[in-house]
Amino acid sequence: MSDDTITVVDLFAGAGGLSTGLVKAIIDTNAQTIAREAGLEADAITMDHTRVHWWLTQNVELHAVNHWEPAIATHEQNHPWAEHYHAKIEELHPPDVVEPGEVDLLVGGPSCTHHSRARGGKPVQEQKRASGWHVLHWIEHLQPDHLLLENVPEFRKWAPIVDGKSTQDGSIFQRWVGMLEALGYSVLYDQEDDAYGTVLNAADYGEAQSRKRLFIMASQDTRPTEPEPTHVDEDPDKPDRRTAAAIIDWSDLGDSLWTRDLENPRVQPLAKSTMARIAEGIRRHCDDRLEPLADALEEIGKDELRDLRDHIVPAADAATVAAVVDRPFLVRIPSGRTALTTPSIVKYYGTSTVTPIDAPLDTVTSDGNHHALSSPETFCLRQQSGGVPPSTDRPLPTVATKGAIGMARATATPLVKPRNGAHRGLHSNPLYEADSRPLHTVTARNHDGHLVTPTLIHYSHGGALRDPTSDVLPTVATEKGGAFALSNPIVQPFIDEYYGNARANALDDPLPTVPTKDRFALCVPEVFPFGLDVRYRMLEPHELKQAQGFPESYELAGSTKEDITEQIGNAVPVNLARALARHLLTSETPSLATFGGGVTADPDAEVPEYSEVISDD
């Protein structure tokens, strides 16, 4: 690319996914020039930097068109240096927007709702699919050097409508592509699919979302090719795909499944169908020991939940502990306690002493289930400013209610869960240290001796579980309330997909396609000594926009959450657009037009209306 002004037209600009990706691509390919003119280091350049914005105003002419006020307002807030047109594209005369022959790149995402398979068997209307022809009108008048258009894969099946349904033979799409070629463009052809355009997955290009879309790439002087994926799980030379865990705000785990409607009067108890999906998520992503909880949730509807709350059984008078733990806490370790510094054997019967592993094992009984191996553990403490807690012989710094994570290494104490821990649905006796008192008499119903080993959950970079005794803690960051937490090893957060053929989705996979409505919820099962619960909340716009690749600082206009979510769902994924635009603008693969071949469009010729093109069908 040259240092001359780059002129871009973004039709159907929406919230600015294509525009933002394009700007990032321009910054990528002009980093040295921008750094020199703006006085920045090349590796410090971001599109949010004030001096980079100044360079864009001087070197990039961006024209954005959209008919929806909230979307055009969002685009204007984030790209104030661009020219904005609050109108439908068919209401504007292209030469009034930009000088013909001066456009380097025309991009856009024509309406896809009446092409998408999401409509099922609903009737479709040809006038709702006419935006593809309007795009041709702009191309015919402006003759841009390159084209980048996005749609659903079903766009390839664009065909005449009979009795409200498309014949899906792709005949109109073929004529549409033929007219692009008649205007002098080389259109990307996918040899594998044996069709024009290419279907790409946003997850392969750095988005935390698995979203497949069709991209039509065309150029006048070069032959377009598709870019290589930038994120591949199995390639050691490329970063892994980003996961849903990477965009979750882990400072907000949601409200209790049992009381969320009491805490927020605007929400209702979850429907039975939602409870069933949560139950399936627990079965998929949690330990088999939570199967009874999943079975119970599957049968609980709104009425059953209200009935349970109306008939709460009071705690027993003799209860020593009755509490719900929902935040980290510190426990004082009495001085003089013998530390378990080596693996040990815990007995589930008799005097319940702790035996070193280098000593003879006590008598093994017939069922062989009265001994367990215990070992020292490592745990994490949330600590202000991300600092590591000091040694035990120094005062602890001020503890705040929020902060980053510190790592503390200490000797773990095996805890035993009493057989009478549960009483009338509540836990009446606390856990106790395995070497602090004898175990109760062993019977068929005695469950004393269950040991809990904490697991470190890494919420970012895939949300992987880590062994705190062997794994080195990754870099600790302060964003989003911290990136690590201790968890019971039998549970794992997951995403509830709230529509269609809904299912539970793992956090170490990319998020499914982000739609235009609230459709994803975070589910955080909790298992602790005093009860079972599930935290539940819908994903928020600031999380969904990052799944689409928008920067965290990207501002979204709109008076309601619905307006904002719709903008996000309609957007083209930013990093995918970035890869496509960069590849398209820097490609040097020659086409027939490079050597004077192909069809040269008559600038005064008129592109026929779509009704004329399909009249014989």
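With r defined as the distance between the Cβ atoms of Tyr189 and Leu262 and R0 fixed at 45 Å, what FRET efficiency is calculated, to the nearest 0.05?
Between Tyr189 and Leu262 the formula returns 0.15.
How long, wide and thick is region 130-169, going by the Cα atoms along their three principal axes, in whole angstroms, largest first?
That gives 38, 18, 13 Å along the principal axes, largest extent first.
Hey, fewest Cβ within 10 Å first, where do Glu192, Glu102, Glu37 land in order?
Listing Glu192, Glu102, Glu37 from fewest to most nearby Cβ atoms yields Glu192, Glu102, Glu37.
Starting from the Cα-Cα distance between His137 and Asp287, subtract it from 0.36 nm times their residue separation and give me the gain in nm to one decimal.
48.2 nm is the gain from fully extending His137 to Asp287.
How much length, in nm to one decimal, is gained on full extension between Thr33 and Thr46, taken as 0.36 nm per residue of separation minus their Cα-Cα distance?
Extra length available between Thr33 and Thr46 comes to 3.3 nm.
Please compare each pair in Lys88/Lys517; Lys272/Lys517; Lys157/Lys272; Lys24/Lys165; Lys24/Lys561 to a cut-off of 29 Å on the Cα-Cα distance and tell me which ones are over it.
Over 29 Å apart, Cα to Cα: Lys157/Lys272; Lys24/Lys165.
If R0 is 45 Å, what FRET efficiency do you get for Asp96 and Glu588 from their C-beta distance, rounded to 0.05?
Step by step, r from the Cβ atoms, then E = 0.85.
Of the peptides 194-203, 260-269, how do they stack up when ordered by the mean number of other Cβ atoms within 10 Å, highest first?
Packing order, densest peptide first, comes out as 194-203, 260-269.
If I model a spin label at Leu532 and Glu562 as a point 7 Å from the Cα along the Cα→Cβ vector, what separation in nanometres do I get?
3.7
With r as the distance between the Cβ atoms of Ser553 and Gln58 and R0 = 22 Å, compute the FRET efficiency 1/(1 + (r/R0)^6) and round to 0.05.
The calculated FRET efficiency here is 0.45.
Quick one: go through region 251-294 and flag any residue whose amide nitrogen is under 16 Å from the point 7 Å out along the Cα-to-Cβ line of Glu304.
Those under the cut-off are 257-259, 269-283, 291-294.
Which of Cys523, Cys286 comes first, and how do the rest follow, when ranked by fewest Cβ neighbours within 10 Å?
If I rank by nearby Cβ atoms, fewest first, I get Cys286, Cys523.
Please give the contour-minus-distance gain from Ile490 to Arg503: 0.36 nm per residue of separation, less the Cα-Cα distance, rounded to one decimal in nm.
Extra length from Ile490 to Arg503 when fully extended: 2.7 nm.
How would you rank Leu580, Leu539, Leu136, going from fewest to most other Cβ atoms within 10 Å of each one's own Cβ?
Leu136, Leu539, Leu580
Every read-out reported here was derived from the displayed coordinates using simple, explicitly stated rules and does not represent laboratory data. Keep in mind it's a predicted model, so treat the numbers as computed, not measured. Ideal geometry is used to build each Cβ from the backbone, glycine not excepted, and the neighbour counts take in all protein chains shown.
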